Structure formats: structure tokens, C-alpha cells
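The values are calculated or read from the model by the stated rules, or taken from the named source; none is laboratory data. For clarity, every value in this text was computed on a predicted model and none was experimentally measured. Please note: Cβ atoms are built from the backbone with ideal geometry, for glycine as well, and neighbour counts cover all protein chains shown.
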Amino acid sequence: MNIKRLTCYLMILSTSFVVNAGLIDFEKTAFGGEPVDNDTIEFSDAFIVDGVTVRFGFDVNFDGILDTKAVFEEAGNIDTNNDTGFWGIKSAKDVAAPGYTQLLGDFFLRQSDPYKPFGVFSILYDADIPVTGASGEIWDIDGGNKTEQFLVQAYNGSTLLDSILSPLGNDNSLNGKPWSFGFNGLTDITQINITFTGSKKKGIGLAFNNFSPIANVSNSTKVYEPSTLIIFTFGVVFLVLLKKIKTRINVESS
């Protein structure tokens, strides 16, 4: 086989093992266990993805201090106390619209007091490397005469880096569906705040899911699995040996 062609083959093989930056889908607790419906997440519970540690909680008093815990909510579970995250299609509780069930998964996060004002939902970062982006989902942004809307803000310390305003939920376009937000190319994210800005005074539901803290590793949002490095290293060694064998054959035949 031609050495150049073999090199190209090995490069293609190695890149096939590239995976996207990690995702927190809340199908596991911070400690890797199975979530329980209505169970709380402690302020100290750290979810670790790609070397980035994040914690979740609510600041009900708007004083910059987490004072209310986030809660695991099980999708489709009927709670007798209306402990639910959102009303989906045809008043179904925590049920995704058709075609979105797999994306919602079995669990997501909500505020501890369902349908009451929650202040600020905060995501706190701890990372040794600059975090330049993030993405997440807010589900079921809807409303009638009284609407839902959310402001998502990324901070470095007290400095506002960027902000994204969700659509105004004045129709059924997001009923039981996710609205995805994303930041990219920021200086270094240390905190993300989500604030309710709609006109509702009650019946406010925050359903948060599929959060990805994107770290800046050589300006790339992709990480390589160990198998990639093994294959690539083997390929390099093989090429060196092949070149030596080819050189020896040429010398002996001359």
C-alpha cells in the first residue's frame, strides 16, 4: 500500500473516534446514581464534564446567593401534589410533544416550588481552563394572555459577557418542546443566570435540560477518546517500521 494513502487512511480512522464535548442530561445524579423523582440537588453537588465542574441552584432573593435547591423531575410522572415542571400537550404533565420524547429523556430539572416565581436559576462554573461557550434547553415556553419568557446571561465574575432572550411564549409553537440557547467565543464563563421575564405572576414553570459546558481546549469543542490516541500512535509506529523495511529491501536489491 502507498505510504501516503495509508497515512490518509489512518487519519480518517482516528478522526472517526472524535466525540463532542460532554452533555449533562440529568439522567444521572452528580455521583453517577439514578435520579429519584422530586429529589433535590444539593448546592455542593458537582457535575463534572470534560474537566469543567458545574453546580446548580436558585437565588430566589436576587442577592447573589443560592438559597433554593433544584429538583429532579421525572418526565411523565403524575404527582398528586402537582409537583411538576410543565404542562405539556393537552394538559399532560411533563410530557414532551410528539417526536421530542427521546430528547427530553426521563429526567430534567425544575424549581422546588412548582409554578411559583423562582428568582434566578444559576449555573456556577469551576474550571482550570477558560470556558468560552455553553448550551442548554428550556422546555415548554408558552402562555396565553399571560406569557412566559426567559433571559439567559453568561458572566465572568460580575462582568456580563453575553445575553440571550428566549422567544415570547404567546402561542403553542413551543408547547412541550425545547428552546435551545447557546453561547460561543466568550472570554471565560464562570456563571450562567436564567431569569423569568414573562408577564405571568403565577403558573411559572422552569424545565431545564441537556446542558453542555463547553471548554476551550486548543480552540476546539471536541475531545479525543483514549482509543483515538492509541490508534494514531500505532499508525505512526507502523509507518516508521514500513519505511525501514522498504529501505532495507531497496538496499538489498541494489
Report yes if some residue within segment 45-59 is modelled with pLDDT under 90, of a type in the set (D, E, K, R) and assigned by TED's automatic domain parsing to the domain that holds Q191; otherwise report no.
yes
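Yes or no, residue by residue, for (1) surrounded by fewer than 16 Cβ atoms within 10 Å (Cβ to Cβ); (2) charged (D, E, K, R):
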| site | (1), (2) |
| --- | --- |
| E137 | no, yes |
| Q153 | no, no |
| S166 | no, no |
| N172 | yes, no |
| G176 | no, no |
| F181 | no, no |
Any residue at all in segment 178-188 that's in a strand (DSSP E or B), modelled with pLDDT under 95, touching a helix residue (DSSP H, G or I) at 6+ places or on another chain (Cβ under 9 Å) and within 29 Å of V131 (Cβ to Cβ)?
no
